[in-house]
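One structure is given below, encoded as C-alpha cells.
The values are calculated or read from the model by the stated rules, or taken from the named source; none is laboratory data. What you see is a predicted model; the values in this text were computed from it and never measured. Here the Cβ positions follow ideal geometry from the backbone for every residue, glycine too, while neighbour counts run over all protein chains shown.
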Amino acid sequence: MNSVPNFPPEIAKDKSLRKYWYKRFSLFTRFDAGVRLDREGWYSVTPEEVIAHSAERCRCNVIVDAFCGCGGNSIQFAFTCNQMIAIDIDPNKIKMAEHNAKTYGVADKIKFINGDFLKLASNLHADVLFMSPPWGGPNYSKHKIFDIECSLIPVSATELMSKARQVSRNIAIYLPRNSNTQQLTKLAGPNNPVEIEPNFLDRKQIALTAYYGGLVRR
Ligand code: MGP
Ligand code: SAH
C-alpha cells in the first residue's frame, strides 16, 4: 500500500510545490521543529546552507534584510550579526518569519518591520543590506538570460540599487542563476567592483549572489 506523505495544506493543493517540500530539510534543517511557509515562501526561500555561507560573508553589527519573506535569510543573519532588521510588505510573511525565528531561538535578535522597503529605505542605515526580491515566480528559469532591469519585482535592479545605497554601501543581492552578468556589473557604477558568486545546492547551481562595496573579496 502506498503511504501518502502528510503534506501541509499549501503543498497538498499545489503539485508544483512538491519538489520544494521534498527538499524541506535543505531549506530548513530544523523544519520539523514547526517551520511554516506559504506558497511564495516555498519557492523563494534560500536553502539554509547557502544562506549560512552568505551570512558569514555579511557578518557585521547591523544588517537589514529588505525582502525577508518567511525568514530563511534573517534567521541565519541573526546568528552572525549583532542586530538584524527584517522587512516584508506582506503582514502574513512577517508573522511566519517571526514564528520561524522562534523555532530557531533567534526571534529576540530580530526587529521585524511590516512595510514597503522602497518607502522605508531613506530612514534606514546599516553596515550591510541584503536583498532577496521576488523574481516573478519559478518561471524565471524559462528566460535564456534573466533581464534584471525588466523582470525583477517590484522595480528595476537600477532603481532597487539606488534605494539600497541609501541604507548601506555594502550590498548583497540574491538573484536568478541566469541573470544578465553585464547588467550586474553595471550596477556597481563606473570603476567599482562586483563579485558574482554562484550558489550551489547538491552540486547544482540554484542562484547567484552579487556582492558590492566592502563585501567584495579582494
Ligand atoms: P527553482 O529554480 O524554482 O528550484 O529555484 P530548482 O530546485 O533549482 O528547480 P529545478 O526544477 O530547476 O531543479 C531555485 C532557488 O531559487 C530556490 O530554492 C530559491 O532559493 C530561489 N528562488 C526561486 N524563485 C522563484 C525566487 C524568487 O522569486 N525570489 C527569491 N528571492 N528567490 C527565489
Ligand atoms: N529571502 C526570503 C524570501 C523572499 S521572497 C526567504 O529566504 O525566506 C520575496 C519577498 O519580498 C516576499 O515575501 C514579498 O512579500 C516581499 N516583497 C515584495 N515587494 C516588497 C517591498 N516593496 N518591500 C518589502 N518586501 C517586499
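Quick check on the range 162-183: of everything there that is surrounded by 19 or more Cβ atoms within 10 Å (Cβ to Cβ) and under 21 Å from VAL45 (Cα atoms), which residue is nearest to the chain's Cα centre (by Cα)? My answer is TYR174.
Can you find a residue that is crowded, with 19+ Cβ neighbours inside 10 Å, of a type outside the set (D, E, K, R) and out of contact with any Phe, Trp or Tyr (no Cβ under 9 Å at 6 or more places or on another chain) anywhere in the range 132-147? No; the residues of the range 132-147 include none that is crowded, with 19+ Cβ neighbours inside 10 Å, of a type outside the set (D, E, K, R) and out of contact with any Phe, Trp or Tyr (no Cβ under 9 Å at 6 or more places or on another chain). Summed over the range 184-209, residues that are crowded, with 19+ Cβ neighbours inside 10 Å and either away from ligand 1 (no atom under 16 Å from the Cβ) or over 29 Å from SER26 (Cα atoms) (or both) total 2.
The helices (runs of 4 or more DSSP H) found entirely in the range 66-185 that carry 2 or more residues being away from ligand 2 (no atom under 12 Å from the Cβ) are 72-80, 91-103, 157-167. One residue alone among ILE85, ILE89, ILE51, ILE113 is crowded, with 21+ Cβ neighbours inside 10 Å, over 22 Å from ALA207 (Cα atoms) and in contact (Cβ under 8 Å) with a residue 12 or more places away in the chain, and that residue is ILE85. Using the structure shown, decide if VAL216 is over 16 Å from ASP65 (Cβ atoms), away from ligand 1 (no atom under 16 Å from the Cβ) and not hydroxyl-bearing (Ser, Thr, Tyr). For VAL216, the condition - over 16 Å from ASP65 (Cβ atoms), away from ligand 1 (no atom under 16 Å from the Cβ) and not hydroxyl-bearing (Ser, Thr, Tyr) - is met. Within the range 157-176, residues that are under 19 Å from SER54 (Cα atoms) and among the small types (Gly, Ala, Ser) reach partners that are within 16 Å of ligand 1 (Cβ to nearest atom) and part of a helix (DSSP H, G or I) with beta carbons closer than 7 Å, at six or more positions or on different chains, in the pairs ALA172/SER54. Scanning the range 1-27 for residues that are in a helix (DSSP H, G or I) and basic (Lys, Arg), we see that the one that is surrounded by the fewest Cβ atoms within 10 Å (Cβ to Cβ) is LYS15. Hey, can you tell me all the residues within the range 123-170 that are of a type in the set (Gly, Ala, Ser) and within 12 Å of ligand 1 (Cβ to nearest atom)? Matches in the range 123-170: SER132, GLY136, GLY137, SER141, SER151.
For the range 57-90, a residue qualifies if it is aromatic (Phe, Trp, Tyr) and in contact with a strand residue (DSSP E or B) (Cβ under 8 Å, 6 or more places away or on another chain), and the qualifying residues are PHE67, PHE77. Whether a residue is under 13 Å from the mean Cα position of the chain (by Cα), within 16 Å of ligand 1 (Cβ to nearest atom), over 27 Å from VAL216 (Cβ atoms) and crowded, with 24+ Cβ neighbours inside 10 Å was assessed, and ALA97 passes this test. Exactly one residue among SER44, SER54 is within 12 Å of ligand 2 (Cβ to nearest atom), of a type in the set (Ser, Thr, Tyr) and within 23 Å of ARG169 (Cα to Cα), and that residue is SER54. Taking first residues from the range 14-28 that are within 20 Å of ARG203 (Cα to Cα) and partners that are modelled with pLDDT of 95 or more and part of a helix (DSSP H, G or I), the Cβ contacts under 6 Å between residues at least 6 apart in sequence or on separate chains come to TYR20/TRP42; TYR20/TYR43; TRP21/ILE11; ARG24/PHE31; PHE25/PHE31; PHE28/GLU48.
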